[in-house]
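Please read the structure below before turning to the comments.
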Amino acid sequence: AASSAAQRQVDPLPSSFAELDRRIGAPLGLLAELTHRCPLQCGYCSNPLELLKANRELPDAAWLDIFTQAAELGVVQAHLSGGEPTLRKDLEEIIAHLARLGVYSNLITAGVTLGGDRLERLADAGLNHVQISFQGAHAETTERVGRYPGAHAKKLAAAAQARDLGLPLTINAPIHRLNIDEVPDYVALALSLGADRLEIANVQYYGWAWLNRSALLPHRDDVLRQVDYVEKIRRDLTGVLAIDFVTPDYYADYPKPCMGGWGADAFALTPDGTMLPCHAAQTITSMRFENATRMPVRDIWERSEAFNRFRGLDWMPEPCRSCERKEQDFGGCRCQAFAMTGNAAATDPVCIKSPHHADLRQLPPRQEIRPRVIGAARELV
Ligand code: SF4
Ligand code: FES
């Protein structure tokens, strides 16, 4: 029922390629989830409930072909993620290929599998940037959230090595109830590591994180305190440390402009080559997505039903259709709309104008956090 309701509210695809061309720009960035394998078990993971095992991962030749096609289409930045992308033994070849294509590569890593000279080999292959996630600003929190003993020390070592190699460094801080009090400590940590950028990213509740939302959602007062602090420290550290802030939208009046709009300038790839308009799009179980090993990347980007379904503004239902903010937030996040209403075409319930806005904080009874593990979804169905 959710699927047919979604389809009814969406305008039909444009009938001519000339019409498509007028509204489709080139993608500039992609997020490649090279593997779903991961040494951590974070309860806030926003990957889908069912993860792909190693035997579903694309071989390196297929990745190289997809990246070549992406570069021809206009992609200039590739974010290599997972799971843990360094578990791929062919990561050096992938990075070297991106360097040959002139595509800027960013490694998004938990930083616990970069022992020995691995980071140096990746830098030699042409890696341009490293982003290391810290589940806490202190060892005890990092290890409790990621369920990996010794993780914090390994991350510190990886960050120091990145600096020694001259690689630009971003520290990623995924924020939720268990670590929201550590935001000032994250700033101190990023400064002590000589990071160029700190990403304070309030957790988004899709995929696995949706199951844990009642345990992870911070209290409103803590969120408001965090917003005030980040606004002030950002000003104070201008020119010293860049701070990106993914806002905690459960307590907002208006949604975020998720992905800068669906199919606007970026896409994601899963370990088996499925091409998605955003990294969480497979949580919209009513949609079907094409695979880049079976259809050219350009065709998927320009012509596939999934990429065109929520592209632009014409698909919008009311209240977005007649709203003055629709070109600022594009109606919010499709994945969040689906998770909360069962209809991916609905106005994001974060919006105060959504009929579902009042349901936003109707949380299920609080439970222990379920750790993320491959195969764990089977116990839930
Ligand atoms: Fe954004 Fe739609 Fe809400 Fe307007 S009604 S603010 S476009 S989500
Ligand atoms: Fe998928 Fe927002 S995360 S559209």
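Cut-off under 22 Å on the C-alpha distance; same-chain residues fewer than 8 positions from Lys232 excluded. Which lysines are left, in chain and number order?
Lys256
Which cysteines in the chain lack any other cysteine whose Cβ sits under 4.7 Å from their own Cβ?
Cys38, Cys42, Cys45, Cys278, Cys320, Cys323, Cys335, Cys351
What ranking of Arg163, Arg213 emerges when the number of other C-beta atoms within 10 Å of each C-beta is taken as an exposure proxy, fewest first?
On the way: Arg163 15, Arg213 21.
Going from sparsest to densest Cβ surroundings: Arg163, Arg213.
Count the net charge of all other residues whose Cβ sits under 9 Å from the Cβ of His138, scoring Lys and Arg as +1 and Asp and Glu as -1.
Values: positive: none; negative: Glu140, Glu182, Asp185.
Counting the neighbours of His138, the net charge comes to -3.
Taking amide H positions as placed in the peptide plane 1.01 Å from N, state which residues far from Cys278 in sequence (5 or more) or on other chains have amide H under 5 Å from it.
Ala268
I'd like the Karplus ³J(HN,Hα) series for segment 267-275: coefficients 6.51, -1.76, 1.60, θ = phi - 60°, whole numbers in Hz, and an x wherever there's a Gly or Pro.
Calculated HN-Hα couplings, in order: 8, 10, 10, 8, x, 9, x, 5, 9 Hz.
For the chain, what does the helix formula give at 222 nm: sum of -39500 (n - 2.57) over DSSP H segments with n ≥ 4, over the residue count, nearest 500 deg cm²/dmol? All intermediate terms of the calculation are to be shown ahead of the outcome.
Numbers: 15 runs with 128 residues, N = 381.
Calculated from helices alone, the mean residue ellipticity at 222 nm is -9500 deg cm²/dmol.
What spacing in nm lies between the two simple spin-label points modelled at His357 and Ser192, each 7 Å away from Cα in the Cβ direction?
Taking the simple label geometry, His357 and Ser192 are separated by 4.2 nm.
In terms of modelled amide H atoms, which long-range or inter-chain residues lie less than 5 Å from the amide H of Ile243?
Leu198
Taking the alpha-carbon distance from Lys326 and a cut-off under 18 Å, which aspartates and glutamates remain once sequence neighbours fewer than 8 residues away in the same chain are dropped?
Asp11, Asp249, Asp253, Asp265, Asp314, Glu318, Asp348
With +1 on each Lys and Arg Cβ and -1 on each Asp and Glu Cβ, and nothing else charged, work out how big the dipole of segment 61-116 is about its Cα centre, in Debye to the nearest 20.
Working: 3 positive and 6 negative charges, 19 e Å.
For this selection, approximately 100 debye.
What lysines does Lys154 reach when the alpha-carbon gap must be under 20 Å and sequence neighbours fewer than 8 apart in one chain are set aside?
In chain and number order, the partners are Lys89.
Enumerate the calculated ³J(HN,Hα) couplings along segment 215-228 in order (Karplus 6.51 cos²θ - 1.76 cosθ + 1.60, θ = phi - 60°), each rounded to whole Hz, writing x wherever the residue is Gly or Pro.
Values, residue by residue: 8, 9, 5, x, 6, 4, 4, 5, 5, 5, 4, 5, 4, 4 Hz.
What list do you get for Ile171, Ile233 if you sort them by fewest beta carbons within 10 Å? Spell out each step's value before the answer.
On the way: Ile171 26, Ile233 17.
Ascending number of Cβ neighbours within 10 Å: Ile233, Ile171.
Show me, for segment 137-144, the HN-Hα J-couplings you get by feeding each phi into the Karplus relation (A = 6.51, B = -1.76, C = 1.60, θ = phi - 60°), rounded to Hz, glycine and proline as x.
7, 10, 4, 4, 5, 3, 6, 6
Which value, in debye to the nearest 20, gives the size of the charge dipole of the chain about its Cα centre, when Lys and Arg are +1 and Asp and Glu are -1 at the Cβ?
Working: 41 positive and 47 negative charges, 140 e Å.
Taking the Cα centre of the chain as origin, the dipole is about 680 debye.
First select every other residue whose beta carbon is under 13 angstrom from the beta carbon of Asp117; then total the charges, Lys and Arg +1, Asp and Glu -1.
Working: positive: Arg118, Arg121; negative: Glu92, Glu120, Asp124, Asp164.
Around Asp117, the charge tally is -2.
How do the peptides 253-262, 273-282 rank, highest first, by the average count of neighbouring beta carbon atoms within 10 Å per residue? Write down the numbers at each step before the final one.
Details: 253-262: 18.3, 273-282: 23.4.
Highest to lowest by the protection proxy: 273-282, 253-262.
What does the charge count around Trp262 come to, taking other residues whose C-beta lies under 9 Å from its C-beta (Lys +1, Arg +1, Asp -1, Glu -1)? It would help to have the intermediate numbers written out before the result.
On the way: positive: Arg309, Arg311, Arg334; negative: none.
Once positives and negatives cancel, what remains is +3.
If you take the charge dipole of the chain about its Cα centre, with +1 on Lys and Arg Cβ and -1 on Asp and Glu Cβ, which of Leu28, Gln69, Pro365 is farthest toward its positive end?
Ranked along the dipole, the leading option is Pro365.
Given the peptides 129-135, 264-270, arrange them by the average over their residues of other C-beta atoms within 10 Å, most packed first. The partial results should precede the final answer.
Details: 129-135: 23.9, 264-270: 21.4.
Highest mean packing first, the order is 129-135, 264-270.
Using the count of nearby Cβ atoms within 10 Å as a rough guide to exposure, how do Lys154, Lys232, Lys53 rank from fewest to most? List each step's numbers first, then the result.
Values: Lys154 19, Lys232 10, Lys53 13.
With the sparsest Cβ surroundings first, the list reads Lys232, Lys53, Lys154.
No lab work stands behind these numbers, since they all come straight from the coordinates. Values in this document were obtained by computation on a predicted structure and should not be read as measured data. Note that each Cβ is placed from the backbone with ideal geometry, even for glycine, and that neighbours are counted across all protein chains shown.
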